[in-house]
Each structure stands twice: as C-alpha cells, then as structure tokens.
1. In straight Cα distance, which lysines are under 18 Å from Lys581, not counting same-chain residues fewer than 8 positions off?
2. Working only with C-alpha atoms, what are the Rg and Dmax values of the range 451-507, expressed in angstrom?
3. Quick check on the chain: of the DSSP beta bridges with both residues there, what percent are antiparallel, nearest 5%?
4. Averaging sequence separations of C-alpha pairs under 8 Å and six or more residues apart, then dividing by the length of the chain, give the relative contact order as a whole percent.
5. Regarding the range 316-401, what are the three Cα extents along the principal axes, ordered largest first, in Å?
6. Relative contact order, percent, of the range 363-490 when contacts are C-alpha pairs under 8 Å separated by at least 6 residues?
7. Through the Karplus equation 6.51 cos²θ - 1.76 cosθ + 1.60, θ set to phi - 60°, convert the phi angles of the range 313-328 into ³J(HN,Hα) values in whole Hz; use x for Gly and Pro.
8. Report the extension gain between Ala31 and Asp87 in nm, rounded to one decimal, defined as 0.36 nm multiplied by the number of residues separating them, less their alpha carbon distance.
Amino acid sequence: MNKKYLLGICLLSFGLTLFAEDGSKLWLRQASCEKASVCCSISSPTIAIAREELASLWRGKAVELQLFADEAHRKLGKEGYTIRTSDEKIVLGSTTEQGLLYAAYHLLRLQAEGADCTRLDIAEEPAFDVRVLNHWDNLDGTIERGYAGKSLWQWDELSDTVSARYQEYARANASVGINGTVLNNVNASVKILSSEYLEKVRVLADIFRPYGIKVYLSVNFASPMQLGGLSTADPLNEEVAEWWKKKVHEIYSLIPDFGGFLVKANSEGQPGPCDYGRTHAEGANMMARALKPYGGIVMWRAFVYSPSDADRAKQAYLEFKPLDGKFLDNVIVQVKNGPIDFQPREPYSPLFGAMPHTPLMAEFQVTQEYLGHSNHLAYLATMWKEFYRYVSPASLKGVAGVANIGDDTNWCGHDFAQANWYAYGRLAWNPLLSSEEIAKEWLAQTFTSDPKFVEPMTQVMMDSREAVVDYMMPLGLHHIFAWSHHYGPEPWCEVSGARADWLPSYYHQADKKGLGFDRSRSGSDAVSQYPDSLAHVFNSLELCPEEFLLWFHHVDWNHSLKSGRTLWDELCYKYQQGVDKVREFQKVWNQMKPYVDEERFQAVAKRLDIQANDAVWWKDACLEYFRTYSHMKYPEGVEAPVFKLKELKKVKLPISNYECPSADMLPRKNS
Ligand code: BDP
C-alpha cells in the first residue's frame, strides 16, 4: 500500500479516536483552558491534584486554597469545606487537604453546570463517614453481577504494570465524594490476603490515597484454614485470633491507612462463625480486635437467610436484632436496603431502626442485577430516596454501593448507568439532595446544559425506575426472575432440587384465589418487625400502600383497588403502563438527536430498543402466566400478548451471572 495513503489512514483514525465520544470521560468532560491563577501555600499530593484540576479547568477569577483551624471549619469535620467568593478571589477552605480537594471538585461542578459563581457562600460536610463502593470483582477478572465488561483491576499485571484507569477511577470517585473502595467480591477468595496479592493491593492503595480513597478488602472467614493451614476458623480459638492479628499487621505495614474488612459470613454457602456455634457478633468482634489498634473497621453484612425458616424477609432481623449492642465499636453492620435482595422495589429492611446500639450502614446495589442489567435505562436515585423516606440518614454511619463499574470504555455499559455511580456518590455525601437535581447535574455535565435537553431527559430519568417496576413486578411483586442470571421473567421457574426460597413461586404465591405473599399478622407476620405505626399500615389490606400490596398480602383477583379496578385489571394495566413508558422514553430520546453526539446517541437508542422489547416480554410472560391462575381477560387498553407463554417458557439465555445478554439472545417480536 502507498505510504502516503497509509499515513492518511493513520491520521484519520487517530483523529477519530481523539474526538470519539465514547463515554469514557464520564461526567468529567470540561475542556482544559488557559491556566487559571491558583494559589496555595501547602504542598502535598492531594493539594497537587486540586491545583492541577483548577489550574487546567477553572475559568473564573483567582482561587485560593486555604487550611483553616477555626471553630466553623472544625465543625464541618475532616472532609467538610467552604467556598466563598469575594471581589477579587474565591477562597476554598477546609481543615484538611482532602476537604480542599472536594471543594475544588465542587467549584468545577458549578462551572460545568453553568451556575453563577459570583457570590458563593457554601459550607458542606458529608452526611456519612463511610461512603464506599463494593466491587464484586473476582480475582480471575470476572465480576459477579457486573455488566460492564471485566474487572478494572488487572491483577495479573499488577504490581509491575499500572493501568491509567486506576487514577481516572479515583478521580471520578473523589469528584462525587466517595471515600472508600472494597476491591473484591464479598464471595471472597482467600487469595486476596496472600502476600502476593497484598502487594498488588498496596499499589492500588498508593494511587487512590491522594484522592482520599481508602482501600478495604472482602475477606473469607475461613482464611486462617485455607491460607494459614490452621485446623479451624473458630473465632474464639486463640490461634485463629492470632492469625488475623498477624495478617492485619502485615496489611498495615504495607498500607498504613488501610480501611478494614467487609465480611459475608454464613450466607449463601460462605463460611462464618455460626459454623462453630458462635454468633455473628463473636465473629465480627474477633476481626475488629485485630483491626482496632490501626483504626480499621469491620463491615459485617447482615445478608443472611436459610432455607429452613418460613419467611426469608424476616430472617436477617431475627438473626441480628438479638445481637444489638454486642458488637465492638469498630464494627458496622451492613444491611441491604430491603429485607430480601435488591428487588426493583422493596419496603425498607426492618433492621434499620431495630438496632439502636449498633452502628449500621445501608447497602445499595448500583449495578442493575435486578433492573435489566446494562441494557435498561433505570435511574436509581429515586429508589434510594424512597429508602430515606423511611430511614433517617442520621441513624446511619455509612453507605455501601455495589459498583456497576467494569473495564468497558464507558465504564458502566449503558451510558445512563454512569448516572447511578454519580448519584450514589452524591447521595452518599448528601442524602437530602433530590433525585431531580442530581439528574440535572449529571445530564448537564455529561451531555449538555441546554435546557431543551436537560428538561425532557430529567423527566425520563425520573420516570425510569418506576417504569421498570411496572413492566417487571408491579404492586409489590418480587423475585419472579429467571433462574441464576436474574435478567428476564420466569415466574413459572422450577428447578429440581432447588431451595424453595430461590424459586419465584415462593414469592408470588399465585393460586386460583389470588396473588401475593401474606406477610400480615395472619400470615408470616413479617409486618410485626416494623414499628407499630407502620406495622399497622402494612398489615391492613386497605391501608397498605399499593406499591407494597403483594409484598405484604395475598390478594383476591377480584379485590377492588383504589383505582376502582380489580387486582387482575390493575395488574394488567400496570404492566401495560410500563411498556408504554419505555416507548415514550424512546420517543423523547429520538428528539434529543441534535444535542447528543452520534456515538452515544446510537448506543442509548439501541439499548432503549432492547428495553422496549424486553418490557413486552416481561408483560406477556407475567400476565400470560398469572392468567393461568386468574382465568380472567385482559381489560380494555391492555395490548393482546405478542409472545406465547409456551414459547417464553422455552427461553433460556446462555449467560452466566456476570454477563449482560446481547440483543440477539433475547426473544423478539416485531410489535
Ligand atoms: C445477591 C446476588 C449474589 C450475591 C448476593 C450477596 O445474586 O450474586 O452474592 O446477593 O449480596 O443479590 O451476597
């Protein structure tokens, strides 16, 4: 080939790469400009980052970074800060360098949103001390419930090769105030605590440190046996306690600011203290003692349930409430937001509020295990805000978000899934922010601040999670997902030999009388785990909010709901509404073409198309299946099914629990 021609191709592809809008820049897309005047007398790695960010991105008047020791600043805590504008300059103030870095990102965010920065008088402090991401990343590079490619952590290449993405990851987190990361899956390999891996972890910790991000590890309770060769992992055994102490010492000699451990114990087959007749508190405290001298913490998960008990929704409470007050003060019990498992909608877990003498943290799932993986647009801030309607942020010590981040170019698979990472961080900093303002912030920074784009797309985002609830499992239905991968519908699922509480029929309880799980006082009595006033509401068929109706009640098909429709008709109507909403999102998105680059426009359009089709699949699967019990007709306005139940029952997606199905794997009808 002619050399000139080759050069031309190279230059062209270089240019395309340079200008490609591939989503890799997340919400941090401001173009660098002429160097602004940034003044600061302190020098440190964290300050260097703050300076560099401002110097290259800030366009306004001179900025000064200043450490303060006055009462007002001290009140804002170690991570709090102020931003104040005077005639000649903007002063960013904090008692710490970390606070100054957060202030710098705040100022840049205001600029990106096009806010008026002439008269700023801001004082900020985070609501929670612990604001961590939980990566369910395995050491072989797969990510449990991860739908954005493989793990960011290149374990095989570390420590010698260091990906540029580690720093970009830290920067993105710091820009929204996330201050910790648990690197590995809660179903933890013991290998993570081997000296070989700890050295790799050290390299990551060194990169994250100047961004204020502490590293934590998920640990396997049986590590002293599998890694240390001991014959037991009994937390009351002295050798076991000694083994953990030594391991912790080794970790801190490499990583002096190591955050601590996250533990999934006696849950879904993981080892734990109960294997030795000990309690969760005894297990957690043994580890807490080892970490205490170094300031480390234990985040001990309350995600436990066993097949023997009646109602899975009650089990975490039954196991943990009696342990209230028995945990050492550097243990935080980490409780999933709902009592079962990250469903599109759950009532809050009654453990919140039931353990006044134990520090608690809430675990949210940012990755969309149960909300269409990275194929569906589902903005989750509205779901997390719903949780805070019932649970006061003041009652929590921290929050954890199960990350949706992988090595995909755009980090999260779906361009709009980035909004969930962003919103998780923003709400971890300030749970009082509204979902709407966070959506607006994110849209303006990620696409354009043009109101003709921001307004309609904010509405789409605000409606999106409810749409998923409507087309997947409205009115309090839950866990009617396909076996194992949890992508599509499979309310009929039977797996021979499977635990009953892993099968949809356990949750929907459909029969010829009606539908739903009776958790009222005359049923499993899960309602009684809530405070009296709420238990009374949830217990009553009339008072129970309809979004939780089938969570708490088994309801007759003919029962009349607030709309005047019967349960059956309302169910049909809700599914239809979910389908209609997604079609509406498609229409709105199509009108956004002038405001969005071609690449991201097409990527989102393609996924919305999958979502619209999936919504019909869900509607047909669930309604056709439940109709075999109700024997009722579809009411007017609800589309006739396009899929046949018989066909849908044959659908088996060839994916594992760390893959998102591609369009060609999904059942499809041109509707
Ligand atoms: C469920 C997931 C499973 C996790 C488990 C957990 O299906 O992959 O291991 O939660 O949180 O949501 O431990």
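Any read-out appearing in this document is the output of simple, stated calculations on the displayed coordinates, not a laboratory observation. Predicted model only: the values in this text are computed from it and were never measured. Quick reminder, even Gly has a Cβ in these numbers, built from the backbone with ideal geometry, and neighbours come from all protein chains shown.
1. Once the sequence-local lysines are set aside, what remains near Lys581 is Lys606, Lys619.
2. Every Cα atom of the range 451-507 included, Rg and Dmax give 16.1, 55 Å.
3. Approximately 25 percent, going by the DSSP bridge assignments.
4. Values: 1262 pairs, mean separation 79.1, N = 671.
For the chain, the relative contact order is 12 percent.
5. 43, 23, 21
6. Working: 132 pairs, mean separation 39.7, N = 128.
Relative contact order for the range 363-490 comes out at 31 percent.
7. 4, 8, 6, 4, 4, 4, 7, 9, 4, x, 8, 4, x, 9, 8, 5
8. Stretched out fully, the Ala31 to Asp87 stretch lengthens by 17.6 nm.
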